[in-house]
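Participant: First the structure, which I've put down as structure tokens, then a few questions once you've had a look.
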Amino acid sequence: MNSKLGRWTLAIAAHLALLAAWYLFVRLGDVPKFVMPSPTATLDALLQPNYGWWSNIVVTGTEIFGGYVLALVIGVALALVFTWSKTLEAFFMPLLVSLNMVPKVALGPLIIVWFKYGVLPNSIMAFSIAVFPILLTTARGLREIEPELLDLVRSLKGSRWQVFTKIQLPGALPYIFSGMKVAAILAVAGAVVGEFLGSYRGLGYLMLQVQVTLDTPAMFMAVLMITALGMALYGLVLLLERWLVVKDARLA
């Protein structure tokens, strides 16, 4: 408990120190507001109703969480299929690696052409960035299961689904959560990049709108809101990991 309390204390102290450094830099350096606003000016932007903060937060949050959940489902499903069939893995995995090498910014205009503007294309952008880490770590985790244990369950007439739910999935959970943590960060970036490329709602879209008028406090607040959404997703993953994976089995 002392160790946990110490880590939380240090984490809070680090954030407070950053906030204090931000305030002192702006105040003592006499930095213009359009270059870097003070924390109070940034907070004032949140209180302005004309920005539509909550509706834009809901849109961006939906894109992030929607793309992330889709990446989790598809990534785990593909990893499972690859463990069932080495032929499918040998056929599709090189193709998926090649597709993952395509810059997602380059895919943005194509996704907009195919799906137009809105939540769906931005969720797809988040999915496209987040799915690969989950796929790789889950596939590795499924391969780490002892073959003798799998052979024992199969000899007892266990179905593939029973093998997966009773043996493979519990054993692979540490690896799955390792990929989920990385994917949580990437999903946020994917959704915001999608909004930058083409959108009419969301925090990324709002940043582009206020950039024209050099409304830096609103831009800073939008960045903070995006960060808060990412931290909420990452925190949720950590809570699930603590609930489902024993401490000694966690990879990080």
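The values are calculated or read from the model by the stated rules, or taken from the named source; none is laboratory data. In this text the structure is predicted, and so the values were computed from the model without any measurement. Neighbour counts are summed over all protein chains in view; Cβ atoms, including those assigned to glycine, are modelled from backbone coordinates with ideal geometry. Please note that ligands, DNA and RNA were not included when accessible areas were found on the heavy atoms of the full protein model with its side chains. Shrake-Rupley method; radii C 1.70, N 1.55, O 1.52, S 1.80 Å.
Participant: Could you grab me the full set of residues in the stretch 182-218 that are open to solvent by less than 30 Å² (accessible area, probe 1.4 Å) and not in a helix (DSSP H, G or I)?
Facilitator: Gly198, Ser199, Gly202
Participant: Return yes when Gly179 is over 30 Å from Lys86 (Cβ atoms) and surrounded by 20 or more Cβ atoms within 10 Å (Cβ to Cβ) and no when it is not.
Facilitator: It is false that Gly179 is over 30 Å from Lys86 (Cβ atoms) and surrounded by 20 or more Cβ atoms within 10 Å (Cβ to Cβ).
Participant: While we're here: Determine whether the stretch 17-37 contains at least one residue that is of a type in the set (Phe, Trp, Tyr), without any contact (Cβ under 8 Å) to a residue 24 or more places away in the chain and touching a Pro at 6+ places or on another chain (Cβ under 9 Å). Even if it seems obvious, please write down each step before you answer.
Facilitator: We begin by selecting, within the stretch 17-37, every residue of a type in the set (Phe, Trp, Tyr); these are 22-23, 25, 34.
Next, from what is left, pick out any that are without any contact (Cβ under 8 Å) to a residue 24 or more places away in the chain: 22-23, 25.
Those still in the list that are touching a Pro at 6+ places or on another chain (Cβ under 9 Å) too: 22-23.
So far as the stretch 17-37 goes, yes, one or more of its residues are of a type in the set (Phe, Trp, Tyr), without any contact (Cβ under 8 Å) to a residue 24 or more places away in the chain and touching a Pro at 6+ places or on another chain (Cβ under 9 Å).
Participant: Restricting attention to the stretch 162-169, does a residue exist that is within 14 Å of the chain's Cα centre (by Cα) and assigned to a helix (DSSP H, G or I)?
Facilitator: For the stretch 162-169, residues within 14 Å of the chain's Cα centre (by Cα) and assigned to a helix (DSSP H, G or I): absent.
Participant: Being open to solvent by 100 Å² or more (accessible area, probe 1.4 Å) and under 23 Å from Thr213 (Cβ atoms) is the filter here, so list the residues in the stretch 5-53 that pass it. Give the steps one after another, and end with the answer.
Facilitator: Of the residues in the stretch 5-53, the ones open to solvent by 100 Å² or more (accessible area, probe 1.4 Å) are 5, 7-8, 10, 15-16, 18, 25, 27-28, 30, 33-34, 47, 49-50.
Selection gives Asp30, Lys33, Phe34, Leu47, Pro49, Asn50.
Participant: With the structure loaded, tell me whether Met221 is at pLDDT 90 or above and open to solvent by 60 Å² or more (accessible area, probe 1.4 Å) or whether it fails that test. Steps first, answer last, please.
Facilitator: Working: at pLDDT 90 or above: yes; open to solvent by 60 Å² or more (accessible area, probe 1.4 Å): no.
Criteria not met by Met221.
Participant: I've got another one for you. So, Leu135, is that one assigned to a helix (DSSP H, G or I), buried (at least 22 other Cβ atoms within 10 Å of the Cβ) and out of contact with any Ser or Thr (no Cβ under 8 Å at 6 or more places or on another chain) or not?
Facilitator: Details: assigned to a helix (DSSP H, G or I): yes; buried (at least 22 other Cβ atoms within 10 Å of the Cβ): yes; out of contact with any Ser or Thr (no Cβ under 8 Å at 6 or more places or on another chain): yes.
Against the criterion (assigned to a helix (DSSP H, G or I), buried (at least 22 other Cβ atoms within 10 Å of the Cβ) and out of contact with any Ser or Thr (no Cβ under 8 Å at 6 or more places or on another chain)), Leu135 qualifies.
Participant: Scanning the stretch 138-160 for residues that are hydrophobic (A, V, I, L, M, F, W, C) and closer than 17 Å to Leu173 by Cβ, which turns out surrounded by the fewest Cβ atoms within 10 Å (Cβ to Cβ)?
Facilitator: The residue in question is Leu149.
Participant: Give the residue, chosen from Ser123, Ser98, that is assigned to a helix (DSSP H, G or I) and open to solvent by less than 70 Å² (accessible area, probe 1.4 Å). Break it down into steps so the answer makes sense when it comes.
Facilitator: Working: Ser98 fails: open to solvent by less than 70 Å² (accessible area, probe 1.4 Å).
It is Ser123.
Participant: Same structure again: Can you give me the number of residues within the stretch 66-95 that are over 18 Å from the mean Cα position of the chain (by Cα) and either among the β-branched types (Val, Ile, Thr) or open to solvent by 40 Å² or more (accessible area, probe 1.4 Å) (or both)?
Facilitator: Of the residues in the stretch 66-95, 13 are over 18 Å from the mean Cα position of the chain (by Cα) and either among the β-branched types (Val, Ile, Thr) or open to solvent by 40 Å² or more (accessible area, probe 1.4 Å) (or both).
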